[in-house]
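The values are calculated or read from the model by the stated rules, or taken from the named source; none is laboratory data. What you are looking at is a predicted structure, and each value in this text was computed from that prediction instead of being measured. Cβ coordinates were reconstructed from backbone atoms using ideal geometry, including for glycine residues, and neighbour counts include every protein chain displayed.
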Ligand code: FES
């Protein structure tokens, strides 16, 4: 089994405004890329409940996101649910900036 981590170039730092989120698709899988005051964060692209809303359409408040469909809130940093603790956590991904370019470790 290949367990090597593959850094994927997803764009430039300035492509995303601070306090916002963009969708990034790679090999037919969506990821939500967040740029906060504290840096870049990445979660799975769709929400965990059955509506599976695009998380790139969520509202960003500090380090929390509010799902555009059901209104549930999650930590962007840990992926943990905040408003409904029965929900599973969002999957989070390692993301980093290097000389103005953004990479996702997949
Ligand atoms: S789609 Fe239901 S909480 Fe996000």
*asked:* Restricting to region 20-50, count the residues that are surrounded by 13 or more Cβ atoms within 10 Å (Cβ to Cβ), in a loop (DSSP other than H, G, I, E, B) and modelled with pLDDT of 95 or more.
replied: 3
*Which members of region 80-106 meet the condition of being part of a loop (DSSP other than H, G, I, E, B), more than 13 Å from the ligand (Cβ to nearest atom) and touching a strand residue (DSSP E or B) at 6+ places or on another chain (Cβ under 9 Å)?*
80, 91, 100, 106
*Looking only at residues in region 20-55 that are within 14 Å of residue 67 (Cα to Cα) and out of contact with any strand residue (DSSP E or B) (no Cβ under 9 Å at 6 or more places or on another chain), which one is farthest from the ligand (Cβ to nearest atom)?*
50
_Checking residue 75 against (1) more than 14 Å from the ligand (Cβ to nearest atom); (2) surrounded by 18 or more Cβ atoms within 10 Å (Cβ to Cβ), only one condition comes out false. Which one?_
(1)
